[in-house]
Amino acid sequence: MMKLIFLVLLAGILLLGGCEQHEENNMYIGMEQNTIPDLTVGTEMEYIHEFRGHSDHWAAVYIVYKPQGEENHTSKLMMKYISKKLNPSGELRYEYDTDGGEDGNGTLSSVDKAGHVYNLGSSGGNGQSANPKSPLQMHVWWNGDEETIQLDLVGKE
């Protein structure tokens, strides 16, 4: 009987843990590498670094990549409102900072949808890119609210 109770508890824990992992992966849907045309054409890459993070209201993805043999790298930043509370509205301001020299800020004049991916733009150059060993810090302001999101490197280098 004790064995049965233990197995039922273990199965419940594994099931809940799997749901939490699945829910966390779902918050990044629409912001994956396969949504970036440069990364879906089969070009060999010198590197691709993907940083992800989320707060109570927002999920963010920052991807920096450099094609093999090219001089320049490209960085892309995307966000999505993930809260089940009120939809965002009005202006969204953001700024981010990486260890490695890349930083930026911007304003979207209107955000109004939960689950909508907001493409915050891209940049590039032949200078230093984000250090994959350091997290990226992002600050977001909207609807009179403010949050800080830490984006960490996904996977191993």
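The values are calculated or read from the model by the stated rules, or taken from the named source; none is laboratory data. Note that the coordinates shown come from a computational prediction; the quantities given were computed from them, not determined experimentally. FYI the Cβ positions are ideal-geometry reconstructions off the backbone, even for glycines, and counts take in every protein chain you see. Heavy atoms of the whole protein, side chains included, go into the accessibility calculation; ligands, DNA and RNA do not. Shrake-Rupley method; radii C 1.70, N 1.55, O 1.52, S 1.80 Å.
I'd like to check something: does the stretch 109-117 contain any residue that is within 21 Å of Thr35 (Cβ to Cβ), touching a helix residue (DSSP H, G or I) at 6+ places or on another chain (Cβ under 9 Å) and in a strand (DSSP E or B)? Checking the stretch 109-117: at least one residue is within 21 Å of Thr35 (Cβ to Cβ), touching a helix residue (DSSP H, G or I) at 6+ places or on another chain (Cβ under 9 Å) and in a strand (DSSP E or B). The listed residues are Gly106, Gly125, and the only one of them that is exposed (fewer than 15 other Cβ atoms within 10 Å of the Cβ), out of contact with any Pro (no Cβ under 7 Å at 6 or more places or on another chain), among the small types (Gly, Ala, Ser) and farther than 16 Å from Ile63 by Cα turns out to be Gly106. Tally time: how many residues in the stretch 50-79 are in a loop (DSSP other than H, G, I, E, B) and open to solvent by 50 Å² or more (accessible area, probe 1.4 Å)? Result for the stretch 50-79: 6.
Could you count how many residues in the stretch 83-98 are of a type in the set (A, V, I, L, M) and assigned to a loop (DSSP other than H, G, I, E, B)? Count: 1. Restricting the first member to the stretch 116-127 and to residues that are farther than 12 Å from Glu102 by Cβ, and the second to residues that are open to solvent by 50 Å² or more (accessible area, probe 1.4 Å) and not hydrophobic (A, V, I, L, M, F, W, C), the beta-carbon pairs closer than 8 Å and six or more apart or on different chains are Val117/Thr35; Asn126/Glu71; Asn126/Asn72. Can you spot a residue in the stretch 35-49 that is at pLDDT below 90, closer than 13 Å to Tyr118 by Cα and surrounded by 13 or more Cβ atoms within 10 Å (Cβ to Cβ)? Yes: one or more hits.
Considering the stretch 87-100 alone, what residues qualify as being without any contact (Cβ under 8 Å) to a residue 40 or more places away in the chain and open to solvent by 60 Å² or more (accessible area, probe 1.4 Å)? Outline the logic, then answer.
Restricting attention to the stretch 87-100, the residues satisfying the condition of being without any contact (Cβ under 8 Å) to a residue 40 or more places away in the chain are 87, 98-100.
Within the stretch 87-100, Asn87, Asp99 qualify.
When Tyr118 is tested against the conditions (1) open to solvent by 70 Å² or more (accessible area, probe 1.4 Å); (2) under 14 Å from the mean Cα position of the chain (by Cα), the lone failure is (1).
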